[in-house]
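The block underneath contains the structure these notes are about, expressed in structure tokens.
The values are calculated or read from the model by the stated rules, or taken from the named source; none is laboratory data. Keep in mind that what you see is a predicted model, and the values were worked out from it rather than measured. No Cβ is skipped: glycine too gets one built from the backbone with ideal geometry, and neighbour counts run over all protein chains shown.
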Amino acid sequence: MGAIDPALLLAALVVAATPILLAALGELVVERAGVLNLGVEGMMITGAICGFAVAVNTGSPAIGFVAAAAGGAVLALLFALLTQLALANQVASGLALTLFGLGLSSLLGQGYVGIKPPPTPRLDLGPLSDIPFLGRVVFSHDLMVYLALALVAAIWAMLKYTRAGLILRAVGENHDAAHALGYRVVRVRVLAILFGGACAGLGGAYISLIRVPQWTEGMTAGAGWIALALVVFASWKAGRVLLGAWLFGGVTVLQLNLQAAGLAIPVEYLSMSPYLITILVLVIMSADKSRAPASLGRIFHASQ
Amino acid sequence: MTLTRLLTSAALALGLATGATAQDKTKVGFIYVGPIGDGGWTYEHDKGRLAVEEHFGDAVETVYQESVPEGADAARAITQMALQGADLIFTTSFGFMEPTLEVAKKFPNVKFEHATGYKTLPNVSTYSARFYEGRAVQGHIAGEMTESNTIGYIASYPIPEVIRGINSAYLHAKKVNPDVEFKIIWAYTWFDPAKEADAAQALIEQGADVILQHTDSTAPQAAAEKAGDVITFGQASDMAEYAPFPRVSSIIDNWAPYYIDRTQAVIDGTWESQQVWHGIDEGMVKIGEITDAVPADVKADALALKETMAAGEYHPFTGPINRQDGSAWLAEGEIADDGTLLGMDFYVEGISGQIPN
Amino acid sequence: MLRLEKRPQPSRIWTWATPPLAVLVTMIAGGALFAALGKDPVEAIATIFWKPLFGEFAFYYRPQLLIKATPLILIAIGLSLGFRAGVWNIGAEGQYILGALTGAGVGLALYPLDSAVVFPLMIIAGALGGWAWAMIPALLKVRFGTNEILVSLMLVYVAEQLLAAMALGPMRNPDGHGFPGSRNLRDYPSAHNAEIIEGTGMHWGVAAAVIAVIAAYVLLSRHILGFQIRLAGQAPRAARFSGVRPGRLVLVCLGTSGALAGLAGMFEVAGPAGQVSIDFNVGYGFTAIIVAFLGRLHPVGIALAGLLMALTYIGGEMAQSTLGLPAAAIQLFQGMLLFFLLAVDLLTNYRIRIRKKEVA
């Protein structure tokens, strides 16, 4: 009976967490701007097929990822038009977006079943990868993993230190006041929504191009919903999104590893554990009084 | 007038109508549980449908409905096809058993074929494939090829079909390699590429250098390719894009011959209710090309094993075989009966761990 | 330049005129989509909207419409109460599963008892199961202030695992040769949610849905609780001053929607579905959220929206099997319909004015 190697487990966890991390970061920015977009799953799967199709046709995973971001953003644009210009309800629009994205992706994906995408190389970090433990855990991944991590830092810094972050938060906290101060509420929100779509698209493409990699209908299998949960879990803080993604990915990977190691555990109940642990952590963290952006989900209309 | 009678009379009216036009077209319907783009189970059934179209040309029209949920929606989808004049309907998932029977009772003139079930009616047949024959070949190759003596198995749900596959693969791996050990992960899904990738990864990290899978995506193949020294087998479809390595062979669901056969029977008016369980012999289970990554002698032995099963000379479950707890199941030379195999809910001796439940 | 001006009150005309308008626009855009896929657009649209209602086999499809719409309406009615009060139950799917499990569980436990009490007991158990599952996010919210969107959503996944465990384990049919899935409740007359009048599709769940619509209507327009719910949603601070206890409201709203979702699951498992199986749930809990909004959170609107959704499902299936349209195209079409329905809502609440650019 083999024991579980913690280094390998951690390395697997980092990879497993990347798609939901990317999507959740995008959604974080969207929600910080006061918009609730429940269509993450739809944008992810659209990104997954756009990235896959373009990568296969061009032979370049990099161009594929760009296309995935574009695909996710285009779908998000639909949501932006609905909620920001037509002032439609955000919850319903987001759910409709998921339905639309799932349908669109399977239409686009006809003809891409059973094809292998061009491989994305593991980033060569030279001697760094040879460091015991750390080398395996930290320095043995593909570029997207590091991009996702960099994005965590970037979003954290942007929200905390920059003027753009300040405006974003102002719009999310009180859109009427922000409007009175002369900020363009709708423009800020549309940009945030597009950014969220692009991130979700990248997350989807990470699944279809690196993690799995193949195209099959419905392949994101609920990752978008997990990403949504992560944002709330993280109480709208970038660093905690990372923590949450690792925790969630970690529990999933760990339960599979425990099975592989031959431990007699009730599998069906263990499969519930990531969700139950998320709830538990949520209860523990609810002591923290940080709360949702005050204007989250509310419709803004500038009536002078 | 009750609904049943209404439906029956509608069916009769249609029966007459189609009878008048029977010379030109026979209508064959297919109910799929997944999307035809799933690359696995439904994808292969749809290939069977396309083969029917190609074989009969203008004599046959096929219709299908994909992603049909099991339960009430299935009953409606099947009824819809019957109402629209289908002469023969294939319902291609175990979960369609009850809806198929329910609809079949209302349409006595329409023929139904239900995959992997066990209930029949005068106008309902069942068909299923002896995938465990393919598993025997896989187990043989796996047992020969493993160097770590650890074989990983990604299982879906603990149902007889899956357990049968594990047992068959284990018995034949053990036969050529007494030290072999199986590590089994129950993924509790038929299809979740990301989870399958994680499961394969976990097994590889636990020292497995052969991965067998009973889930439909190619995610485990990709994980093995990344690891570099792990071999895999295609499941449901050939997964040839990962040949010659890590995918060294595959089990392919090949429904086309059966679908063509049964459509012909309906055209000829010779269709009768039956329960079939076809294997390598009838072509329903195909072994995908064994690549050169497998040593020539191992390949030859594997092919020989396949031939003995195709010829009916050898049954993968031939005694002596004990159950996991050590109690005797099959005596020397005894062959498992289909009833026990169909309801198999135990591991054979030597497999560690428990079937969840 | 176009300018939006908020109406003091939602326009009455547009409230009724926008849905048909949206359907019309969807038909045009959907027709273009179907034409692009190489199908006859007129025939495709007719197949989806006309044939199930008035086509050759309408006698079969009309009852099916009721069967399909019932769980959507039952769940959406419950959700709408919470949505009005600002309580976001996104996990109705899980409550639906739990209702089915507890309801079927009672029926299976009593098998083969032949008694008139079996079915009523199952109804109570189903409602309780859904209620209890919804109480988890409700109590956590009241006690710890955790977010109910997240907890209820997480519990959907837990419920799905529980469903698989039950279908494979304790509830597995002992006569089923080891295959997953419970006994078929349709073959157990005491537990079968049969049609009240054969051939109409009217099973007991339909009756429950009708009662729920009426009860919700009365509650919202006549009852003090209905007033509190509306107040809490529109003006939370004012609500607190007027004596609304937010904790109690959370418990009531989540509890009611959970119980209704549980009922929906129970009626489904004992009737149309027949058995507990791994893939029993098909997303009614999520679709119901859309239905609730399409119906503008109004009980009558929800009933109509539920029927419309059911129509696109059934008509969409017909279009698949008769015209060979891929399921994805139907999904896309439904997405479009929702988009347009949501977008034209603009006309109800705002006036579009054309104005010249003001000189600064």
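A few points about this structure:
- Boolean, C:L139 is within 14 Å of another protein chain (Cβ to nearest Cβ) and either free of Cβ contacts under 8 Å to residues at least 24 places away in the same chain or among the aliphatic types (A, V, I, L, M) (or both): yes
- Where helices (runs of 4 or more DSSP H) sit wholly within segment A:228-304, those with at least 1 residues that are modelled with pLDDT of 80 or more occupy A:238-260, A:273-285.
- Flag for A:A53 being among the hydrophobic types (A, V, I, L, M, F, W, C), at pLDDT 95 or above, more than 18 Å from the chain's Cα centre (by Cα) and not in a loop (DSSP other than H, G, I, E, B): yes
- A:I49 being in contact with a helix residue (DSSP H, G or I) (Cβ under 8 Å, 6 or more places away or on another chain), free of Cβ contacts under 8 Å to residues at least 12 places away in the same chain and more than 8 Å from every other protein chain (Cβ to nearest Cβ): no
- Residue that is surrounded by the fewest Cβ atoms within 10 Å (Cβ to Cβ), among those in segment C:22-52 that are within 18 Å of C:D345 (Cα to Cα) and in contact with a Leu (Cβ under 8 Å, 6 or more places away or on another chain): C:V23
- Scan segment B:30-82 for residues that are out of contact with any Lys or Arg (no Cβ under 9 Å at 6 or more places or on another chain), at the interface with another protein chain (Cβ under 7 Å from one of its Cβ atoms) and either touching a residue at least 40 places away in the same chain (Cβ under 8 Å) or within 21 Å of A:G111 (Cβ to Cβ) (or both) and the total you get is 9.
- Pair list, Cβ under 9 Å, 6 or more apart: segment B:267-283 residue at positive phi, other residue in a loop (DSSP other than H, G, I, E, B) and polar (S, T, N, Q): B:G283/B:N254
- On the stretch given as segment A:14-46, residues that are within 11 Å of chain B (Cβ to nearest Cβ) and either surrounded by fewer than 23 Cβ atoms within 10 Å (Cβ to Cβ) or in contact with a His (Cβ under 8 Å, 6 or more places away or on another chain) (or both) total 1.
- Out of A:L107, A:L149, sole residue that is part of a helix (DSSP H, G or I) and either among the polar types (S, T, N, Q) or within 14 Å of chain C (Cβ to nearest Cβ) (or both): A:L107
- Within segment C:263-279, the residues that satisfy the criterion of being facing another protein chain (nearest Cβ under 9 Å), within 17 Å of C:D187 (Cβ to Cβ) and either out of contact with any strand residue (DSSP E or B) (no Cβ under 7 Å at 6 or more places or on another chain) or modelled with pLDDT of 90 or more (or both) are C:E268, C:V269, C:P272, C:A273, C:G274, C:Q275, C:S277.
- Strands (runs of 3 or more DSSP E) (entirely within segment B:162-263) containing at least 1 residues that are more than 22 Å from A:I210 (Cα to Cα) and under 15 Å from the mean Cα position of the chain (by Cα): B:231-236, B:247-253
- Sole residue being out of contact with any strand residue (DSSP E or B) (no Cβ under 6 Å at 6 or more places or on another chain), crowded, with 22+ Cβ neighbours inside 10 Å and in contact (Cβ under 8 Å) with a residue 60 or more places away in the chain, chosen from C:A159, C:A125: C:A159
- Residue satisfying all of: in segment C:162-199; of a type in the set (S, T, N, Q) and surrounded by fewer than 22 Cβ atoms within 10 Å (Cβ to Cβ); nearest to the other protein chains (Cβ to nearest Cβ) among these: C:N184
- Residue match in segment B:118-125 (condition: assigned to a loop (DSSP other than H, G, I, E, B), under 26 Å from C:D279 (Cα atoms), modelled with pLDDT under 90 and facing another protein chain (nearest Cβ under 8 Å)): yes
- Options A:L13, A:L8, A:L99: the member that is under 22 Å from C:A329 (Cβ atoms) and out of contact with any Cys (no Cβ under 8 Å at 6 or more places or on another chain): A:L99
Residue by residue, here is whether (1) outside the structural domain of B:I185 (by TED's automatic domain parsing); (2) over 25 Å from B:I184 (Cβ atoms) holds:
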position	(1), (2)
B:W271	yes, yes
B:V276	yes, yes
B:V285	yes, no
B:E313	no, yes
B:D325	no, no
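- Taking first residues from segment C:92-109 that are on the phi < 0 side of the Ramachandran plot and free of Cβ contacts under 8 Å to residues at least 60 places away in the same chain and partners that are surrounded by fewer than 24 Cβ atoms within 10 Å (Cβ to Cβ) and in a helix (DSSP H, G or I), the Cβ contacts under 9 Å between residues at least 6 apart in sequence or on separate chains come to C:V106/C:V118; C:V106/C:L121; C:V106/C:I124; C:V106/C:A125.
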